[in-house]
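The values are calculated or read from the model by the stated rules, or taken from the named source; none is laboratory data. Just so you know, these numbers come straight off a predicted model, no measurement behind them. Glycine also receives a Cβ, built like all others from the backbone with ideal geometry; neighbour counts cover every protein chain displayed.
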Amino acid sequence: MIGLTSERIAEELQAFQAKLAQGAHTLSGLGEIEVGVSPREAVYQEDKLTLYRYRPRTEKPHPVPLLIVYALVNRPYMMDLQEDRSMIRGLLDAGLDVYLIDWGYPDAADRELGLTDYIHRYIDHCVDVLRERCGQDAINLLGVCQGGTLSLCFSSLYPEKIRNLVTMVTPVDFHTPDNLLTHLIRHVDVDLLVNTLGNLPGQLLNFTFLSLSPFRLAGQKYVDLTDIFDDAQALRNFLRMEKWIFDSPDQAGEAFRQFAKDFFQQNKLIKGEVNIGDRRVNLGNIVMPVLNVYAAQDHLVPPAASKALAECCGSRDYSEYSFQGGHIGIYVSSRAQREVPLAVAAWLLAR
Amino acid sequence: MFDVELLIKQSRAYLAFGEQIRRFTEQFPSDPQPTDWDTALRQHFDRFKAMVAQSSEDSNLNPDLAQLWTLTLESWQQAASSLGISAIASRAGPSADAWQVYQQILGEYFELLRQSAMTALDLMEKRLRDRAVAGEAAGSLRELFNLWVDCNEETYGRMLRGAEYSELSGRLLNALLGCRASGETTP
């Protein structure tokens, strides 16, 4: 039996409506929702890119800087969402000198930007700025998600500039059977898309991500929200995540074209067939120490897609770290705060 | 910033869901015979499915209930709007063909989502029946709603991973771009 009476359900519905009314009041009193909490300063700018240095939290941070290369998709403040959910803060607390590339928001003027610009120009310039600024021949690089794939390309093309490479939830083999994003883009005419629209609108990406689990992500989530309407702190946490989810920059057209076709549709990275400009990316050139961090329950970048790196990179010092969580949880869950920055820092500091 | 509209829409959908369940429970005395319940459950879910089918034909019939299963479609329409393709002129000429192609594929997409929603209701009915056999009862409306979400995610997930969805969603986007490329849009 369902075990519920009509009266009981009516009461529950009434209570739900009362909570909604209360929620409207609470929401209106919350004010601006802030994200990106750790103090930082801009140390380099080029076009829409800004390179930030986070204020160290130890007296003498490690002399080799750590550069975080975030994905072009979504905004990098996910790494520093709030004080108690900040991977960046965890890395700073562990004694690292942390820098991050903020790609900004590409607009129509950026439609011709290709992966060549992002890798040979933007990342390379940022790496050189840090090498000079810190007096180091090579720096540490941490690439996140798509930023990890770009970091792999960069490390393959400029191995002498990278001392240690950390990849986090990074796709390498785009054709594992469980790769939903590849499944969804397989029949898309990418040339028509870019030729027609120029840049890829962020809202189209939002649709793609929400369409992976719409009943939870666009339905149940908002019903569950009523449960925390009386908790302003929990509500703020929710709103920070919500802000991040819908804060999707457009993707520069040419960069998207190459990434969608060469990586997703044709899986060229693992085949050694990707060209960035006139140079071929050979993952065998990645001979520096590599730490490959993946999330065991990742629905966007399946573990197998990341772990494929083991078979094709040239490093003799290759390690993996499996986080028990998902693609988002690896940044913001309580467990991630306790485990991931410490694991990354310990690995880096030992090298 | 937070889109309060999303909260309101889904809350209304939840209330519509609750009303459906309330009507079902209203039919029974406090301790119905198992066979009565079994028959009534079947009849109720048949009606539920009929309403889903009707809401696909007439979105004004029960928009809040329709909201429960048209999330993906609505999200798609919003994405299409962001491309400037919300108001497409149905004028004559070659570009009208592109619009017709898009509408046809959109219909196929809609049908695939509707089938998934129907299958989810079948699954939910089965789960409730299994629970009844095991002597388990739902403790709250929310628990039933969560079961409904689980069933939809399960059937939708199967559909999403299928070759048909991959091919159809690709064709849908390509057709939409075809409309834009042929200039069949109004500002």
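Observations on the structure shown:
- Top-ranked residue of the range A:212-233 - restricted to ones that are within 8 Å of chain B (Cβ to nearest Cβ) and touching a Leu at 6+ places or on another chain (Cβ under 8 Å), ranked as nearest to A:ALA260 (Cα to Cα): A:LEU212
- The combined condition, being within 19 Å of the chain's Cα centre (by Cα), without any contact (Cβ under 8 Å) to a residue 24 or more places away in the chain and either closer than 19 Å to A:GLN82 by Cα or within 10 Å of another protein chain (Cβ to nearest Cβ) (or both), is fulfilled by A:LEU204.
- Any hit, the range A:245-254, residues being in contact with a Pro (Cβ under 7 Å, 6 or more places away or on another chain), closer than 25 Å to A:TYR122 by Cβ and away from chain B (no Cβ under 14 Å): yes
- Per this entry, A:THR182 is not counted among residues that are more than 10 Å from chain B (Cβ to nearest Cβ), surrounded by 18 or more Cβ atoms within 10 Å (Cβ to Cβ) and at pLDDT 90 or above.
- Selection status of A:SER6, of a type in the set (Ser, Thr, Tyr), out of contact with any helix residue (DSSP H, G or I) (no Cβ under 8 Å at 6 or more places or on another chain) and surrounded by fewer than 18 Cβ atoms within 10 Å (Cβ to Cβ): no
- Pairs linking a residue in the range A:6-34 that is more than 16 Å from A:PHE229 (Cβ to Cβ) to a residue that is among the hydroxyl-bearing types (Ser, Thr, Tyr) and not in a loop (DSSP other than H, G, I, E, B), with Cβ atoms under 7 Å and 6 or more positions apart or on different chains, are A:SER6/B:THR25; A:ILE9/B:THR25.
- Count of the range A:266-285 residues, restricted to those that are outside any loop (DSSP other than H, G, I, E, B) and under 19 Å from A:VAL169 (Cα atoms), is 4.
- Cβ-Cβ distances below 8 Å connect the following pairs, each with a first residue in the range A:286-312 that is assigned to a loop (DSSP other than H, G, I, E, B), a second residue that is among the aromatic types (Phe, Trp, Tyr) and modelled with pLDDT under 95, and a separation of six or more residues or different chains: A:LEU300/A:PHE209.
- For the condition farther than 30 Å from B:PHE17 by Cβ, within 14 Å of chain B (Cβ to nearest Cβ) and over 23 Å from the mean Cα position of the chain (by Cα), A:GLY31 qualifies.
- Only residues that are under 20 Å from the mean Cα position of the chain (by Cα) and within 26 Å of A:VAL64 (Cβ to Cβ) were counted in the range A:107-128, giving 7.
- Exactly one residue out of A:PHE209, A:PHE238 is touching a Leu at 6+ places or on another chain (Cβ under 7 Å) and at pLDDT below 95: that is A:PHE238.
Each row is one residue, and each column tells you yes or no for (1) crowded, with 16+ Cβ neighbours inside 10 Å; (2) assigned to a helix (DSSP H, G or I); (3) more than 8 Å from chain A (Cβ to nearest Cβ); (4) more than 15 Å from the chain's Cα centre (by Cα).
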site: B:GLN115; (1), (2), (3), (4): no, yes, yes, no
site: B:MET118; (1), (2), (3), (4): yes, yes, yes, no
site: B:LEU123; (1), (2), (3), (4): yes, yes, yes, no
site: B:LYS126; (1), (2), (3), (4): no, yes, yes, yes
site: B:ALA132; (1), (2), (3), (4): yes, yes, no, yes
site: B:LEU144; (1), (2), (3), (4): yes, yes, no, yes
site: B:ASP150; (1), (2), (3), (4): yes, yes, yes, no
site: B:GLU167; (1), (2), (3), (4): no, yes, no, yes
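- Output for the range A:214-235, where each listed residue is over 23 Å from the mean Cα position of the chain (by Cα), modelled with pLDDT of 90 or more and among the charged types (D, E, K, R): A:ASP224, A:ASP227
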